[in-house]
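K.L.:
Mind looking over this structure? Questions follow.
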Amino acid sequence: MIKICSIKVTVYRFPLDNPVQTSFGLMVDRPMTIVELVSSDGHTGWGEIWCNFPHVGAEHRARLISSVFEPLLLSQVFASPNAAFEFLTKATWVLGLQTGEFGPIAQCIAGIDIALSDIYAKQRNKPLWELFGGQSDVVALYASGISPIGAEQTARLAVDNGYDALKLKIGFGSEVDIRNIKALREVVGSARTLMVDANQAWTVDDACEMIKELTSFDLSWLEEPIAKDRPHSEWKRLRDEASVPLAGGENLLGNTEFSDAIKDGILSVIQPDIAKWGGLSQTIPLAKSILNSGRRYCPHYLGGGIGLVASAHALAAAGGDGMLEVDFNPNPLRSELVGDLLSAKNGKATLGKKAGLGFTPNMRAIKKYEVAQHRS
């Protein structure tokens with residue numbers, strides 16, 4: 001049983017000299033919202049809430065935790081993280097209807113679920129990957145977050161740091177995109193893996209035209225070529241015309257949307273984000289369903305260190321041939337917390353046998369990035 005007696009939520013921001021570019025906007029800093037739970041038996045659990053957008057998102061999620069979720073968590077004793085997920089989802093459903101904020105609410109529950117799962121595993125003295133049925137603590141990695149400016153130099157640095165697979169952000173015009181893809185294919189060579197992510201940038205006509213240009217580059221997948229909410233007929237057209245496997249899933253929310261994505265067969269690679277929806281208790285069963293359907297599970301992740309390590313545990317628990325997304329841009333909210341735990345060695349990392357997440361976050365190392373929170 002899990003009885004929470006203490007809750008702390010903290011926001012951090014790491015300022016960027018070079019903003020992270022996506023097709024829909026810039027990240028001028030790297031935010032992180034951390035949930036720290038302490039159970040009545042003395043275990044501390046760590047969770048992370050997705051908060052990249054909008055710019056005020058990190059502070060907003062923190063206020064949701066303190067105003068909405070703290071009293072809910074303190075009022076109950078939970079048999080498992082899954083039981084807590086179901087309780088919190090049901091308890092906040094009408095709030096979601098009233099506010100239209102299903103995304104932020106789901107992200108808060110996901111972060112709480114990660115922290116509760118960390119406690120649950122520590123109570124049993126097992127690493128998360130093993131507790132949830134994994135057979136190996138080794139996960140494959142790929143370097144992500146490669147922006148259009150300086151893409152070739154970033155790619156060379158990633159290869160030099162042990163990455164065998166890279167993903168480039170595209171959606172900045174065909175001339176820029178093709179030039180960068182060509183440069184990266186030359187950097188990685190034919191033996192390494194290359195993927196691209198359009199971040200929902202195109203219309204279906206633009207995507208179909210661009211796919212013709214991508215055929216010669218031997219890409220492992222094309223991620224989110226059109227908006228998630230485009231009609232099924234447009235996604236089906238892409239699948240029928242695509243010479244490149246299609247990937248997506250970071251913006252799907254809930255079991256129904258993921259079940260539909262599995263059933264319709266359009267996405268070859270499905271990418272739930274553990275800090276946006278589901279946490280560990282929902283994502284790992286989902287990942288196994290993805291694999292059982294013959295598709296590839298590759299967790300999406302672009303945040304701080306705690307969510308990244310949790311995503312690694314989900315991948316190890318599920319198995320399969322998926323790769324963990326590791327943002328290659330400088331970010332002490334990742335590197336100072338995780339240290340060498342997920343350093344790439346021959347394209348892989350090892351999680352180890354320590355209980356829970358397998359590491360104690362070095363919060364002192366990132367204290368200078370903490371954002372003061374003011375409660376009304």
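K.L.:
Report the relative contact order of the chain, percent, no decimals, based on alpha-carbon pairs under 8 angstrom and at least 6 residues apart. Please list the in-between numbers first.
P.N.:
Values: 786 pairs, mean separation 79.5, N = 376.
In percent, rounded to a whole number, it is 21.
K.L.:
Using only Cα atoms and rounding to the nearest 10 degrees, what angle (0 to 90) does helix 151-160 make with the longest principal axis of the chain?
P.N.:
Helix 151-160 sits roughly 70 degrees off the main axis of the chain.
K.L.:
Let me ask something else about it. Helix-only estimate, please: 222 nm mean residue ellipticity of the chain, summing -39500 (n - 2.57) across DSSP H runs of length 4 or more and dividing by its residues, to the nearest 500.
P.N.:
Taking each H run of at least 4 residues, the total per residue is -12000 deg cm²/dmol.
K.L.:
For the peptides 228-235, 187-194, 357-364, what is the packing order when you average, over each peptide's residues, the other Cβ atoms within 10 Å and list the highest mean first? The partial results should precede the final answer.
P.N.:
Numbers: 228-235: 13.4, 187-194: 14.9, 357-364: 16.9.
Output ranking for 228-235, 187-194, 357-364: 357-364, 187-194, 228-235.
K.L.:
Would the stretch 224-376 count as rounded, prolate or oblate if I go by the C-alpha gyration tensor, calling it rounded below 1.5 in a/c and otherwise prolate when a/b exceeds b/c, oblate otherwise? Working shown, then result.
P.N.:
Working: a/c = 2.08, a/b = 1.66, b/c = 1.25.
Taking the square roots of the gyration eigenvalues as a ≥ b ≥ c, the stretch 224-376 is prolate.
K.L.:
Stretched out fully, how many nm does the piece from Ala83 to Asp29 gain, at 0.36 nm a residue minus the Cα gap? Please list the in-between numbers first.
P.N.:
Numbers: separation 54, 0.36 × 54 = 19.44 nm, distance 3.51 nm.
Extra length available between Ala83 and Asp29 comes to 15.9 nm.
K.L.:
Alpha carbons only, please: Rg and Dmax for the stretch 68-213, in angstrom.
P.N.:
Taking only Cα atoms of the stretch 68-213, I get Rg and Dmax of 21.6, 57 Å.
K.L.:
Now for a different question. Which order do Asp321, Asp160, Asp113 take by accessible area at a 1.4 Å probe, largest first? Can you show the working numbers first?
P.N.:
Working: Asp321 100, Asp160 125, Asp113 0 Å².
Reading off the accessible areas and sorting them downward yields Asp160, Asp321, Asp113.
K.L.:
Kindly identify the stretch 1-144 as rounded, prolate or oblate by the Cα gyration tensor criterion: order the square roots of the eigenvalues as a ≥ b ≥ c, call it rounded if a/c is under 1.5, otherwise compare a/b with b/c, prolate if a/b is larger, else oblate.
P.N.:
On the way: a/c = 1.90, a/b = 1.24, b/c = 1.54.
Oblate is the answer for the stretch 1-144, as a/c is 1.5 or above yet b/c matches or exceeds a/b.
K.L.:
For Lys354, what charge total do you get from the other residues with a beta carbon under 12 Å from its beta carbon, if Lys and Arg give +1 and Asp and Glu give -1?
P.N.:
Working: positive: Lys122, Lys126, Lys353; negative: Asp118, Glu130, Asp137.
Net of charged neighbours comes to 0.
K.L.:
Excluding Val159 itself, what net charge comes from residues whose Cβ is under 14 Å from its Cβ, given Lys and Arg +1 and Asp and Glu -1?
P.N.:
Details: positive: Arg156, Lys167, Arg185, Arg192, Lys345; negative: Glu152, Asp160, Asp164, Glu186.
My count for the surroundings of Val159 gives +1.
K.L.:
Per residue, how much accessible area does the chain have with a 1.4 Å probe, in Å²?
P.N.:
Numbers: 15440 Å² over 376 residues.
Result: 41 Å² of accessible area for each residue.
K.L.:
Here are some pairs, Lys182/Lys276; Lys167/Lys345; Lys90/Lys276; Lys182/Lys288; which of them have Cα atoms lying more than 23 Å apart in this structure? List each step's numbers first, then the result.
P.N.:
Values: Lys182/Lys276 32 Å; Lys167/Lys345 18 Å; Lys90/Lys276 17 Å; Lys182/Lys288 35 Å.
Pairs exceeding the cut-off: Lys182/Lys276; Lys182/Lys288.
K.L.:
Now a separate question. Please work out how much length the chain gains when fully extended from Asp240 to Phe102, using 0.36 nm per residue of separation minus the C-alpha to C-alpha distance, in nm with one decimal.
P.N.:
Gain on stretching Asp240 to Phe102: 46.5 nm.
K.L.:
Largest first, what is the accessible-area ranking of Thr154, Thr350, Thr33 with a 1.4 Å probe?
P.N.:
Details: Thr154 40, Thr350 75, Thr33 0 Å².
Sorted by accessible area, descending: Thr350, Thr154, Thr33.
K.L.:
Okay, next question. About its Cα centre, how strong a charge dipole does the stretch 109-229 have in debye, to the nearest 20, once Lys and Arg get +1 and Asp and Glu get -1 at the Cβ? Display every interim value, and only then the final one.
P.N.:
Details: 12 positive and 19 negative charges, 92 e Å.
My answer is approximately 440 debye.
K.L.:
So, with a 1.4 angstrom probe, what is the percent of accessible area on the chain that is carbon and sulfur?
P.N.:
Details: 7680 of 15440 Å².
Roughly 50 percent, rounded to a whole number.
K.L.:
Rounded to the nearest 20 Debye, what is the dipole magnitude of the stretch 172-213 about its Cα centre when Lys and Arg each give +1 and Asp and Glu each give -1 at the C-beta? Display every interim value, and only then the final one.
P.N.:
On the way: 5 positive and 8 negative charges, 63 e Å.
The dipole of the stretch 172-213 has a size of about 300 debye.
K.L.:
Simple spin-label model, 7 Å along Cα-to-Cβ: Val371 to Ser190 in nm?
P.N.:
Between Val371 and Ser190, the label points sit 4.8 nm apart.
K.L.:
Put one equal scatterer on each alpha carbon of the chain, apply the Debye formula with no solvent term, and list log10 I(q)/I(0) at q = 0.06 1/Å to two decimals.
P.N.:
Treating every Cα as an identical point scatterer, log10 I(q)/I(0) equals -0.21.
K.L.:
Then there is this: Which listed residue (Ala106, Ala165, Ser117) has the Cα farthest towards the positive end of the charge dipole for the stretch 102-241, taking +1 on Lys and Arg C-beta and -1 on Asp and Glu C-beta about the Cα centre?
P.N.:
Comparing the listed Cα positions along the dipole, Ser117 ranks first.
K.L.:
Here is a follow-up. Calculate how large, on average over all directions, the projected area of the Cα convex hull of the stretch 132-282 is; give the answer in nm² to one decimal.
P.N.:
Working: hull surface 39.0 nm².
Seen from a random direction, the Cα hull of the stretch 132-282 projects 9.8 nm² on average.
K.L.:
Hey, another quick one. Working out 0.36 nm times the residue gap between Thr256 and Ser40, then minus their Cα-Cα distance, what length gain in nm do you get to one decimal? If you can, show how the numbers build up before the last one.
P.N.:
Values: separation 216, 0.36 × 216 = 77.76 nm, distance 3.47 nm.
Between Thr256 and Ser40, full extension yields 74.3 nm more.
K.L.:
Now for a separate question. Taking a label point 7 Å from the Cα of Lys353 along the Cα→Cβ vector, which residues of the stretch 115-132 have an amide N closer than 17 Å to it?
P.N.:
Only 122, 124-132 fall inside the zone, counting backbone N under 17 Å.
K.L.:
Roughly how big is the chain's charge dipole about its Cα centre, with Cβ charges of +1 (Lys, Arg) and -1 (Asp, Glu), in debye to the nearest 20?
P.N.:
Working: 37 positive and 42 negative charges, 216 e Å.
It works out to roughly 1040 debye.
K.L.:
Quote the accessible area belonging to Arg237 in square angstrom, nearest 10, computed with a 1.4 Å probe and with ligands, DNA and RNA left uncounted.
P.N.:
Its heavy atoms expose roughly 90 Å² to the probe.
K.L.:
Follow-up question, since we're still on this one. With springs only between Cα atoms under 10 Å, which of Gly322, Gly339, Gly356 fluctuates most in a Gaussian network model of the chain?
P.N.:
Comparing Gly322, Gly339, Gly356 in the GNM, the peak value goes to Gly339.
The values are calculated or read from the model by the stated rules, or taken from the named source; none is laboratory data. All figures in this text were calculated on a predicted structure; none of them were measured in a lab. Every residue, glycine among them, receives a Cβ derived from its backbone with ideal geometry; neighbour counts consider all protein chains shown. When the accessible area is computed, the model is the full protein with side chains, heavy atoms only, and any ligands, DNA or RNA have been set aside. Shrake-Rupley method; radii C 1.70, N 1.55, O 1.52, S 1.80 Å.
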